[in-house]
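Undergrad: One structure coming up, written as structure tokens, with questions to follow.
The values are calculated or read from the model by the stated rules, or taken from the named source; none is laboratory data. Quick caveat: nothing in here was measured; it's all calculated off a predicted structure. Cβ sites come from the backbone with ideal geometry, for glycine too, and all protein chains shown count toward neighbours.
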Amino acid sequence: MNPFEETLKSIDDFCSKNRISYSIIGGLALIFHKIQRTTNDIDITLLVELENMENIGKILSEEFEPIFPDSIQFFQKNFVLPVLEKKTKMRIDFAAGLTGFDKKVIERSMRQDFGKLNLPFCTIEDLILYKLFASRPKDLSDIHEIAKRHKDRIDEKYLSKMLNDFSELEREDMSENFKRIFLKK
């Protein structure tokens, strides 16, 4: 196995052993969905309840190598725990999936073959929503690539409903960017 596969197996084994539901998001999910992209890390959303943040932070910090001192405090404050896999030294960003949206992403994830592994990847629609939420230049560029490859296969009804929910958070920019990229003539 290559270092990515070894790291993904380590994540999957850890989550399985600790009964933590998760989904692969970010650059690796783009690659899974056939979008040409390089990435140097693995982004994971973990299903976490607020009252379990400290415990999850502790077991993550024992299994993986935290990048920051006071990793548990960092996790509780920023809702993300950057770590290195101990053997491969590959970076993993574990995000606490605390919102209803994160929970939905994890529920909608389906285990898929990826190399020699079978792993839970977020759907293309949920990846679009994460990218629209972040709205950094590289995220918007990724969305353009998704539109080129998947425009005719995305669930627009689901995306419309979710974008409407995000507009209640005063994130109308998400809908505007989606329309600009996906609905342009």
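Undergrad: Just one of (1) surrounded by fewer than 20 Cβ atoms within 10 Å (Cβ to Cβ); (2) within 27 Å of Phe114 (Cα to Cα) trips up Gln73, so point out which.
TA: Status for Gln73: all satisfied but (2).
Undergrad: Taking the residues in region 1-28 that are at pLDDT 95 or above and of a type in the set (D, E, K, R) as candidates, determine which candidate is surrounded by the fewest Cβ atoms within 10 Å (Cβ to Cβ).
TA: So, considering only residues that are at pLDDT 95 or above and of a type in the set (D, E, K, R), the one surrounded by the fewest Cβ atoms within 10 Å (Cβ to Cβ) is Arg19.
Undergrad: With respect to Asn40, is the statement that it is without any contact (Cβ under 8 Å) to a residue 24 or more places away in the chain and out of contact with any helix residue (DSSP H, G or I) (no Cβ under 6 Å at 6 or more places or on another chain) true?
TA: No.
Undergrad: Still on this structure: Using beta carbons and a limit of 6 Å, which pairs, at least six apart or on different chains, have the first residue in region 6-20 and within 12 Å of Phe94 (Cβ to Cβ) and the second one among the aromatic types (Phe, Trp, Tyr)?
TA: Matching pairs, first to second residue: Cys15/Tyr22.
Undergrad: Find all pairs meeting these conditions: Cβ atoms under 8 angstrom apart; at least six residues apart or on different chains; first residue within region 59-82 and in contact (Cβ under 8 Å) with a residue 12 or more places away in the chain; second residue in a helix (DSSP H, G or I) and exposed (fewer than 15 other Cβ atoms within 10 Å of the Cβ).
TA: Qualifying pairs under 8 Å: Ile72/Glu54; Ile72/Lys58; Gln76/Glu54.
Undergrad: Do you know which residues across region 129-167 are farther than 18 Å from Lys103 by Cα and either assigned to a loop (DSSP other than H, G, I, E, B) or touching an Asp or Glu at 6+ places or on another chain (Cβ under 6 Å) (or both)?
TA: Ser135, Arg136, Lys151, Asp152, Arg153, Ile154, Asp155
Undergrad: Among the numbered conditions (1) in contact with a strand residue (DSSP E or B) (Cβ under 7 Å, 6 or more places away or on another chain); (2) under 25 Å from Phe133 (Cβ atoms); (3) surrounded by 13 or more Cβ atoms within 10 Å (Cβ to Cβ), tell me where Ile31 comes up short.
TA: All conditions are met except number (1).
Undergrad: Here are Glu176, Glu145: which of them is more than 19 Å from Leu30 (Cβ to Cβ) and of a type in the set (D, E, K, R)?
TA: Glu176
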